[in-house]
1. Within segment B:66-75, does at least one residue satisfy the condition of being in contact with a Cys (Cβ under 7 Å, 6 or more places away or on another chain), open to solvent by less than 40 Å² (accessible area, probe 1.4 Å) and over 25 Å from A:PRO86 (Cβ atoms)?
2. Go through segment A:18-70 residue by residue and tally those that are of a type in the set (Ser, Thr, Tyr) and in contact with a Ser or Thr (Cβ under 8 Å, 6 or more places away or on another chain).
3. For segment A:1-56, how many residues are under 19 Å from A:LEU74 (Cα atoms) and polar (S, T, N, Q)?
4. Of the conditions (1) open to solvent by less than 30 Å² (accessible area, probe 1.4 Å); (2) out of contact with any strand residue (DSSP E or B) (no Cβ under 9 Å at 6 or more places or on another chain), A:THR82 satisfies every one except a single condition; which number is it?
5. Looking at segment B:37-51, which of the residues that are within 10 Å of ligand 2 (Cβ to nearest atom) and hydrophobic (A, V, I, L, M, F, W, C) is surrounded by the fewest Cβ atoms within 10 Å (Cβ to Cβ)?
6. For segment A:32-79, enumerate the residues that are open to solvent by 50 Å² or more (accessible area, probe 1.4 Å) and in contact with an Asp or Glu (Cβ under 6 Å, 6 or more places away or on another chain).
7. With the condition kept exactly as written, say whether any residue in segment B:1-23 is open to solvent by less than 40 Å² (accessible area, probe 1.4 Å), part of a loop (DSSP other than H, G, I, E, B) and within 11 Å of ligand 1 (Cβ to nearest atom).
Amino acid sequence: MKSVRIPILKLYNCLLVSIQWELDDQTALQFQEDLLHKIHETNANGVVIDLTSIDFIDSFIAKVLGDVINMSKLMGAKVVITGIQPAVAITLIELGISLNDVLTSLDLEKGLEKLKQELGE
Amino acid sequence: MDIQSCVNIQTEWDIVAARQLGRNVAKELGFGVVDQARITTAISELARNIFIYAHKGRVCIEKMNDKGHAGLRIIAVDSGPGINDIRLAMEDGYSTSGGLGAGLPGVKRLMDEFQIVSSQGKGTEITAVKWIR
Ligand SMILES: Nc1ncnc2c1ncn2[C@@H]1O[C@H](COP(=O)(O)OP(=O)(O)O)[C@@H](O)[C@H]1O
Ligand SMILES: [Mg+2]
């Protein structure tokens, strides 16, 4: 087996990421690195990460996501997470992971709107 | 009789294989999507703990039938270093590896039954069961 690269798209001053496959550890860590490089390269000040296709999140993936959100913040980009499925929300809370202070929206479209508001545009 | 299938855990990819096996069995048994996510997450936590702390071991998934009541049992076994202080390891946020420390207490909350047997230098065996409601 081999990990895949998650595509990161640029839209105006934002980056869009839609995670379409089950995340293995390598893919998750590669994504963390790729996203930070892309923020640096493009000067993006907002990122939307869409998790609609993700059907579970364990504590490792939660940590990678939380870390990448904080790292992006350090670089000056706000992150909004969208499309968390009900089953994922339930298991995250039962794991004891609350993703406090993380901006979230129901779907990609609302996520982009939230980013615009947050960025004062 | 209970039917068991196992995945040997040696690489990160085996963690993926173990949780896919668990999800498939959970689906077959008729668990709903939320329970499928709970079971998948629990297997992922236990398999990763084996990979990180014991380097190798095995995760087995068992179909259970108790007087017509169906369930799924996860058995995670390794011959690694064992857990020094189980009470501490079960505390939210306790981690010896810079992790979130959410794995063991999380699995306990995600599943209906949970049991750890561990002895230092000998290894760890964790069993967790989910029943269909
Ligand atoms: N299979 C195992 N063998 C040895 N130690 C373990 C094992 N599983 C868990 N532990 C110990 O229990 C602690 C808590 O585990 P866990 O709740 O999964 O959190 P984390 O993996 O994030 O540290 C680990 O940091 C480790 O010290
Ligand atoms: Mg763990």
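The values are calculated or read from the model by the stated rules, or taken from the named source; none is laboratory data. Treat the numbers as computed from the prediction; the structure is a model and nothing was measured. Here Cβ is always computed from backbone atoms with ideal geometry, including for glycine, and neighbour counts include all displayed protein chains. Ligands, DNA and RNA are excluded from the accessible area calculation, which covers all protein heavy atoms including side chains. Shrake-Rupley method; radii C 1.70, N 1.55, O 1.52, S 1.80 Å.
1. Keep residues of segment B:66-75 that are in contact with a Cys (Cβ under 7 Å, 6 or more places away or on another chain), which gives B:75.
With the extra rule that they be open to solvent by less than 40 Å² (accessible area, probe 1.4 Å), the set shrinks to B:75.
Checking which are over 25 Å from A:PRO86 (Cβ atoms) leaves us with B:75.
Yes.
2. 4
3. Qualifying residue count for the region: 6.
4. If we test A:THR82 against (1) open to solvent by less than 30 Å² (accessible area, probe 1.4 Å); (2) out of contact with any strand residue (DSSP E or B) (no Cβ under 9 Å at 6 or more places or on another chain), just (2) comes out false.
5. By that ranking, first place goes to B:PHE51.
6. A:LYS78
7. No, segment B:1-23 contains no residue that is open to solvent by less than 40 Å² (accessible area, probe 1.4 Å), part of a loop (DSSP other than H, G, I, E, B) and within 11 Å of ligand 1 (Cβ to nearest atom).
A quick yes/no check of all residues on (1) more than 13 Å from chain A (Cβ to nearest Cβ); (2) out of contact with any Leu (no Cβ under 6 Å at 6 or more places or on another chain):
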residue: B:CYS6; (1), (2): yes, yes
residue: B:THR11; (1), (2): no, yes
residue: B:ALA37; (1), (2): no, yes
residue: B:SER44; (1), (2): no, yes
residue: B:ILE61; (1), (2): yes, no
residue: B:ASP66; (1), (2): yes, yes
residue: B:HIS69; (1), (2): yes, yes
residue: B:ASP78; (1), (2): yes, yes
residue: B:GLU91; (1), (2): no, yes
